[in-house]
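J.: Okay, here's the structure, questions in a sec.
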Amino acid sequence: MRRLRHLHKVRVRVKKNFLNFVQVLYLSVECVCIEQMTVANDVLRRVLGESLSDQHIAVIDQLTEPQYDEDVAESLGIKATIIRTLLNDLHENSLVEYHRTKNKKTGWYTYKWVRREDRIKKHIQDHLSQKISMLQEQLEQENNGLSFKCNCGIVDYHNAMENMFICQSCGSAYKRYEDGKAVDGIVQQITEINSILQSIAE
């Protein structure tokens, strides 16, 4: 009888330990997901900050739900006239939209604003795509200015590429003659931006 009670206590203890382990594991996974989401948002916020001011982004942050411009102004501590200008800027870029209602007594219109998640995503994608195009042009310019060297002498990038970077005279491989740090930096930027674009598309 004592042995059965002992076994029962052991089973209860094991069950509690297992449940605690599962709870800790769940919380750990949840924290990782939240952390990854925060990191992703930080990256997108940084990209958004390249084309918009801090005040524009602050307004966008406020518009998770429809709000009147006066309420946004009060929440941010910014004059309503400035908020309206910021909202109009964002509306011109299709990043926010509004619903207008008319007061029958006064004849005045009131506007309730909300951000457009789909357009914000597209705005970021378009900005990054333009950035890649600019970097590719820079890369082309850098490549055109590169020189390669073999045992015979020095040739430019296009001549080296036409011969698959192998000298037709001496048979040795062409090696980069100039400093390639600028090119490596541009390639790295393009790779990073492509990675962000892929994460947004998923």
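The values are calculated or read from the model by the stated rules, or taken from the named source; none is laboratory data. Everything quoted here is computed from the prediction, not taken from an experiment. We place every Cβ from the backbone using ideal geometry, glycine too, and count neighbours over all the protein chains shown.
J.: Suppose we filter LYS149, LYS131 for residues that are of a type outside the set (Gly, Ala, Ser), crowded, with 16+ Cβ neighbours inside 10 Å and at pLDDT 90 or above; which single one remains?
T.: So the residue among LYS149, LYS131 that is of a type outside the set (Gly, Ala, Ser), crowded, with 16+ Cβ neighbours inside 10 Å and at pLDDT 90 or above is LYS131.
J.: Sticking with this one: Under 15 Å from VAL59 (Cβ atoms) and surrounded by fewer than 10 Cβ atoms within 10 Å (Cβ to Cβ) - does that describe any residue in region 97-112?
T.: no
J.: Here is a list: SER94, SER195. Which entry is modelled with pLDDT of 85 or more, of a type in the set (Ser, Thr, Tyr), out of contact with any helix residue (DSSP H, G or I) (no Cβ under 7 Å at 6 or more places or on another chain) and loosely packed, with under 15 Cβ neighbours inside 10 Å?
T.: The match here is SER195.
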